[in-house]
1. Which distances, in nm and shortest first, link the residue B:89 label point to the same label point in every other copy, taking 7 Å along Cα→Cβ?
2. What translational diffusion coefficient, in µm²/s and rounded to a whole number, does the Stokes-Einstein relation yield for the protein assembly as shown at 37 °C and a viscosity of 0.692 mPa s, taking the hydrodynamic radius as the Kirkwood radius over Cα pairs?
3. Give the residues of segment B:78-112 whose amide nitrogen is closer than 20 Å to a point set 7 Å from the Cα of residue A:90 in the direction of its Cβ.
4. Using a 10 Å cut-off around each Cβ of peptide A:58-67, what is the average number of partner chain Cβ atoms that fall inside?
5. Would you mind getting me the FRET efficiency between residue A:69 and residue B:101? Use the beta-carbon distance for r and R0 = 35 Å, nearest 0.05.
6. Please report which chain A residue places its beta carbon nearest the axis carrying chain A onto chain B, with the distance rounded to a whole angstrom.
7. Got the residue A:70 label distances to the other copies yet, label 7 Å along Cα→Cβ, in nm, shortest first?
8. What are the label-to-label distances in nm, one decimal and shortest first, from residue A:103 to the same spot in the other copies, with labels 7 Å along Cα to Cβ?
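FYI, it's all coordinate maths here, none of it is from the lab. Model, not experiment: these values are computed from the prediction. Here the Cβ is made from the backbone with ideal geometry for all residues, glycine too, and neighbour counts use every protein chain on show.
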2 protein chains.
Amino acid sequence: MKGTYLGEFEELVLLSVGVLQQEAYGLAIKKELEDQTQRKVSISAVHASCNRLEEKGYLTSHFGEKTQKRGGRRKKIYAVSLPGQKALQRAQHIRKSLWDRLPPNAFTLDFA
Amino acid sequence: MKGTYLGEFEELVLLSVGVLQQEAYGLAIKKELEDQTQRKVSISAVHASCNRLEEKGYLTSHFGEKTQKRGGRRKKIYAVSLPGQKALQRAQHIRKSLWDRLPPNAFTLDFA
DNA sequence: TATTTTATCTACATTTATGGATAAATAAGA
DNA sequence: TCTTATTTATCCATAAATGTAGATAAAATA
């Protein structure tokens, strides 16, 4: 089972890339994750995760054009590949199938 | 971020325990996971994961009664604690909030 | 006593997240 | 042009978390 799944953090990174579109590069991904999760995320973790996702074929990347406004190295822009989209779908599907099998009142809390 | 989240495998284990109710013990959890994920899961991974989830307070456990029909050590029956339910809820919520932020046509695939 | 079912333990390899240092690319100013 | 500041990626070493195999022990029935 090791390494065969999307990790949870990886899944969030993939989703963030989908959300950010043309602005999906390291720092922006970090910020998006921090906003949504309310936790501190290290930039190294984001880069490491993106590299791994690219190795796995779930992300693609290209370097952005230079802009007039800022200094700084070019942004490495990521996009979710088709296999990446399928991996997201698969993860969702597995959870949903378990979710659907939960007996009524399995939990005290209301899972709206 | 390390260790602050439910891992993906842990999340599936929690859900399986919710599904199985009174039958939520090692082997049954393994089977449930294998059925739903279509992958091989080692029994050690299940036990290790349950132990860790119990340490984190997301699962509780008690030993089942002896049954007439079989030999064998008593089953250790798990249940999802309230914090465990909240952790599941939180994981869902974070994904949903990213999901909702996806621009239309962010993905080629249809995420029904 | 033997057999079955299950948990527990131990050791380990792999994966993941992090911090910190460094390098590259760019713009702006002297 | 030269220098400096800025923005970003890359690299490295490491700590922590995760999943696994394999051995062992315990509890139960026959």
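1. Residue B:89 label point versus its equivalents elsewhere: 3.2 nm.
2. The estimated diffusion coefficient comes to 173 µm²/s.
3. B:107-112
4. Numbers: counts 0, 0, 0, 0, 0, 0, 0, 0, 0, 0.
So the per-residue partner count for this stretch is 0.
5. Approximately 0.90, to the nearest 0.05.
6. Minimum Cβ distance to the axis, with residue: A:8, 2.
7. 5.9
8. The answer, with the shortest distance listed first, is 4.7 nm.
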